[in-house]
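Enquirer: The structure follows.
What follows is calculated from the coordinates using simple rules that are stated; it is not laboratory data. These numbers come from a predicted model, not from an experiment. Cβ: placed from backbone, ideal geometry, glycine included. Neighbour counts: every protein chain shown.
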Amino acid sequence: MPSLSLNQRALLMSVLILVVGLLIWEAAIPAQKAVGELTEYERLTGGGAQKAGVPPPSQVFVKAWEELSNPFYDAGPNDKGIGIQIGYSIYRVLSGYLMAAIVAIPLGFLIGMSPVAYKALNPFIQVLRPISPLAWMPLALFIIQDSEASAIFVIFICSIWPMLLNTAFGVAGVRQDWVNVARTHELGHIKTAFTVILPAAAPTIVTGMRISIGIAWLVIVAAEMLVGGTGIGYYVWNEWNNLDLTSVIFSIMMIGVVGMLLDMAFATLQRAVAYAE
Amino acid sequence: MTKPFLSIENLTQRYPDGQGGIMTVFEDATFGVEKGEFVVILGHSGCGKSTIMNILAGLADPTSGVVTMDGREVSGPSLDRGVVFQNYSLLPWLSTLKNVSFGVAARHPDWSKAKVLEHSRNYLAMVGLEGDVIHRKPSQLSGGMRQRVSIARAFANHPKLLLLDEPFGALDALTRGTIQDELLKIWGDSGQTVFMITHDIDEAILLADRILLMTNGPFARVAESVDITIPRPRNRTDIVEHPNYYAIRNHLVQFLGKRSKDLAGQASDGAAQRPETVRIDLTGTAKDPTPETRLRAVNT
């Protein structure tokens, strides 16, 4: 196919993989036998009852259509639309993430500017960074006494490290030439920070922010499985308890789509602050 | 004796040499630059030219010694001393125009935005940058164009002293020639005091009123101050015809080739090391009646 561009060929291949994958999945699910086909023994041992199994993709599409055509219904604590659940998750992720950014970026600036602050804080960062964010959950629940706020705290604690380290790294790496330009133009400390160091370090800082939002979205699902109540993580766990695997698969897909959208937003921001030397 | 506009007195720079000892780059360097003068400093790499430049810019502190400009001691960077760096040092995230205008805005905080932009455009036009080019980012410009922007940024601020740190070092010979001409033009109109570092002898003769010659380090010193006795306005094709051109050039080549080594490594014993003034004039109109003997005396 020499007439097709690279992108067109890639798209064609993607569609092909999707279709083949779905067909294999659909074909791999054994059909439930109708009651009439069962032997007497099977009927007596409960073989006629609805069996739980991995649903074929066609069922997942039907479910997705149902859910997405009415995403914001609210029929009680255990029956809310997918839009409401995702909305809760995004709200938690963004609140924890914003708080982390408010702390991490100025602190990262300080660490990046001052070798003393870097050396003093580095041991703490190195110990705190590898802790799984969920390990904080019991402590957070006890101290904060609120499951909602604890989930936000867990997001805060997991998104802070990449932003902190990347900001410090970016600020420390600003070329001395550019700082000298600021100095010879008598820019004050604040002015230098905003007009020279921030734009110079912005690509590194935004990379840290992008890594953080990715981690935050990974962690919120697990956190909501623990704290319960609302959110996409709780939704997955609740549908598992209902043994509704169709909903489980559908919500897994939605987690992927939302994660991709969040990442794309930061990729756009990254392009906006990028510069070529 | 009145102090010159820019006065460097007993300037000394020492570093720990990393093996427990002390390395003296230069010691008790003492010289002056008059207002409106174009002074070029010439010397081998490693002799401390860039260190002197950084001290004059206020970006580095000397071990001892004093720099005064216009009667005031230099300490720290200032808008009164504009710097053109060898690697242009443009801010890559700003457009060409913004790279100039941010400096103008820093110099004149009271000016309106429109006035700042117009002033910046004028100076960019003086170095031949007009139209769409001024909205491009530095990465989209050639090396020569970037250095033009850097020169425009420095001149637009009307600093009392302009410091040029090997501004054409990274450019090819043809581009260098064009920008030297532009620099001469913009300098001629402004009457700015300029202190410039270079490696290039012909560039130094073309541009300078006076060339300071530095010996090799360690214990480098500004050994001679050579007056360039070629009238202005100069241009590169005509000055080589001038009778003084090759006499001066030979003197500089001799110095850099031989005497910069011979004179190196002498400690100052605390005395101010002033450069010896050398005036080479073969045109016969000079006040000095015996230029030949003077020249010979210096060369011994």
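Enquirer: Calculate the spin-label point distance for residue A:117 paired with residue A:27, positioning each point 7 Å from the Cα along the beta-carbon direction, and give it in nanometres.
Expert: Output for this residue pair reads 6.2 nm.
Enquirer: Sticking with this one: Round to the nearest 0.05 the FRET efficiency obtained for residue B:173 and residue B:238 when R0 = 25 Å and r is the Cβ-Cβ distance.
Expert: It comes out at approximately 0.85.
Enquirer: Can you compute the charge dipole magnitude of the range B:94-158 about its Cα centre, using +1 on each Lys and Arg Cβ and -1 on each Asp and Glu Cβ, nothing else charged? Give it in debye, rounded to the nearest 20.
Expert: 160 debye
Enquirer: Hey, rough spin-label estimate for residue B:269 and residue B:108, points 7 angstrom out along Cα→Cβ, what's it come to in nanometres?
Expert: Here the modelled spin labels are 5.4 nm apart.
Enquirer: A further question follows. Once the other residues with Cβ under 13 Å from the Cβ of residue A:255 are scored (Lys, Arg +1; Asp, Glu -1), what is the net sum?
Expert: Summing Lys/Arg as +1 and Asp/Glu as -1 gives -3.
Enquirer: Hey, another quick one. Using 1/(1 + (r/R0)^6) with R0 = 56 angstrom and r between the beta carbons of residue A:75 and residue A:16, what's the FRET efficiency to the nearest 0.05?
Expert: Efficiency at R0 = 56 Å is approximately 0.90.
Enquirer: Give me a comma-separated list of calculated 3J(HN,Hα) values for the range B:95-112, in order, Karplus coefficients 6.51, -1.76, 1.60 applied at θ = phi - 60°, integers in Hz, x for any Gly or Pro.
Expert: Per residue, the Karplus-derived 3J(HN,Hα) values read 5, 3, 4, 5, 4, 7, 5, 5, x, 5, 5, 5, 6, 10, x, 8, 6, 6 Hz.
Enquirer: With contacts defined as alpha carbon pairs under 8 Å and 6 or more residues apart, what's the relative contact order of the range B:94-158 in percent?
Expert: 49 percent
Enquirer: Indicate the gyration tensor shape class of the range B:1-64 (rounded, prolate or oblate), computed on the Cα atoms with a ≥ b ≥ c the square roots of the eigenvalues: a/c under 1.5 is rounded; otherwise a/b larger than b/c is prolate and the rest oblate.
Expert: It comes out prolate by the Cα gyration axes.
Enquirer: Which residues among the range B:84-115 fall inside the zone where the amide N is under 17 Å from a point 7 Å beyond the Cα of residue B:136, along Cα→Cβ?
Expert: Only B:88-100 pass the distance filter.
Enquirer: I need the shape label for the range A:93-198. Rule: rounded when a/c is under 1.5, else prolate if a/b > b/c, else oblate, with a, b, c from the alpha carbon gyration tensor.
Expert: Since a/c reaches 1.5 and a/b is larger than b/c, the shape of the range A:93-198 is classed as prolate.
Enquirer: Can you give the FRET efficiency to the nearest 0.05 for residue B:189 and residue A:271, using r as the Cβ-Cβ distance and R₀ = 45 Å?
Expert: Computed FRET efficiency for residue B:189 and residue A:271: 0.60.
Enquirer: Let me ask something else. So for the range A:60-273, averaging the separation of alpha carbon pairs under 8 Å that are six or more residues apart and normalising by length, what relative contact order in percent results?
Expert: Relative contact order for the range A:60-273 comes out at 26 percent.
Enquirer: How far apart, in nm, are the 7 Å Cα→Cβ label points at residue A:3 and residue B:262?
Expert: Between residue A:3 and residue B:262, the simple spin-label model gives 8.3 nm.
Enquirer: Could you give the length gained on full extension between residue A:62 and residue A:241, defined as 0.36 nm per residue of separation minus the Cα-Cα distance, in nm?
Expert: 62.4 nm
Enquirer: Springs between alpha-carbon pairs under 10 angstrom, Gaussian network model over chain B: which of B:109, B:62, B:77 fluctuates most?
Expert: Residue with maximal mean-square fluctuation among B:109, B:62, B:77: B:109.
Enquirer: Which ³J(HN,Hα) values in Hz, rounded to whole numbers, follow from the phi angles of the range B:199-215 under the Karplus curve 6.51 cos²θ - 1.76 cosθ + 1.60, where θ = phi - 60° and Gly and Pro get x?
Expert: Coupling constants for the range B:199-215: 9, 9, 5, 5, 4, 4, 5, 4, 8, 8, 7, 8, 10, 8, 9, 10, 7 Hz.
Enquirer: Quick check: the distance between the Cα centres of the range B:46-98 and the range A:186-234, to the nearest angstrom?
Expert: Their Cα centres are 37 Å away from one another.
Enquirer: In whole Hz, what ³J(HN,Hα) sequence does the range A:205-219 give by Karplus (6.51, -1.76, 1.60; θ = phi - 60°), x for Gly and Pro?
Expert: Values, residue by residue: 4, 5, 4, x, 5, 5, 4, 4, 5, x, 5, 4, 5, 5, 6 Hz.
Enquirer: Using the Cβ atoms and a cut-off under 12 Å, what net charge is assigned to the surroundings of residue A:147, where Lys and Arg are +1 and Asp and Glu are -1?
Expert: Net of charged neighbours comes to -2.
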